[in-house]
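The values are calculated or read from the model by the stated rules, or taken from the named source; none is laboratory data. Because the structure is a prediction, the values reported are computed rather than measured. Here the Cβ is made from the backbone with ideal geometry for all residues, glycine too, and neighbour counts use every protein chain on show.
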Amino acid sequence: MERIADYEFVRPLGSGNHGHYYLARRPARLPVADELVAVKVLAGGSTPDTFRRAARELAAFAAVQSPYLVSLYDAGRQHGVFYYAGEYLPGGSLADAAAGTDVLRAVGHAASAAAALHAAGIAHRDIKPGNVLLHDSGAKLSDLGLSHVFTSGLTLTGMGELSAVEYADPDVLHGERPGPEADVWSLGVLLHRVVTGRGVYGELPQGNGLLALRKVLVSKPEIAESPVAGLVAECLAPATERITAAALAARLLQ
């Protein structure tokens, strides 16, 4: 794929969460200073109704004022394919963080971003290492989870790719509506992963999402000893007892 609408692609940036990412040249019509932007093209087609719903959610996301959220610039639909464009951060993500990265600061910034969304009545729904993008001053949270708009059927498909099931709140996998508490669960699992180097379910089967899902559904999370073990436990507590994203950010960034 070389372009969509008036976005000329420079190179692919990867795939995930029902779509493909591209580095693209900024169209002249966009009133931003960036020369390059990141464009996500959703896999498969979208109906006019799903386009309206997704555009409405992205507009709400873009309206939230936080220095810890990736800026969204544009959204559109060409030949039934939905895409959106936003700020490009070349520093990679927590999924491939270099040695020496201040992971506590990065997760703290992601929690701050989630707290801003929650204050606006929005749940992110897809917090995972690949969506915490790094830059010189810390990190920004990207890629609002829109999978529920484009897919129907099993609740787990609404959470995104099965490879990200490690970060999904089991209550949501069992049918509960994702809300702020589910984002906090994801932040806790993320914090555990980047500090200890392992998941709360151990290592999940690679390349087999259904086996990974089965392990998550039948296993009890195990929190490894670490300086943040107590904080992770507060994130994975029963929903009504869970720490808030704002409180988590404050603890991590103190």
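Here are the numbers for the structure shown:
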item	result
Pairs with Cβ under 7 Å, 6+ apart, first in segment 72-85 and outside any strand (DSSP E or B), second modelled with pLDDT under 90 and not basic (Lys, Arg)	80/45; 80/46
Residue 187 vs. criteria more than 14 Å from residue 237 (Cα to Cα) and either aromatic (Phe, Trp, Tyr) or touching a helix residue (DSSP H, G or I) at 6+ places or on another chain (Cβ under 6 Å) (or both)	no
Contacts under 6 angstrom Cβ, first residue in segment 17-41 being under 30 Å from residue 165 (Cα atoms), partner small (Gly, Ala, Ser) and part of a loop (DSSP other than H, G, I, E, B), 6 or more apart	17/160; 18/43; 19/43
Subset of segment 197-254 that is polar (S, T, N, Q) and closer than 13 Å to residue 184 by Cα - its residue that is surrounded by the most Cβ atoms within 10 Å (Cβ to Cβ)	244
Subset of segment 187-243 (residues that are closer than 24 Å to residue 93 by Cβ and polar (S, T, N, Q))	196, 206, 208, 226
Residues satisfying the stated conditions in segment 215-229, i.e. more than 18 Å from residue 197 (Cα to Cα) and in contact (Cβ under 8 Å) with a residue 12 or more places away in the chain	215, 217, 219
Residue in segment 74-92 that is surrounded by the most Cβ atoms within 10 Å (Cβ to Cβ), counting only those that are among the hydroxyl-bearing types (Ser, Thr, Tyr) and either modelled with pLDDT under 95 or on the phi > 0 side of the Ramachandran plot (or both)	84
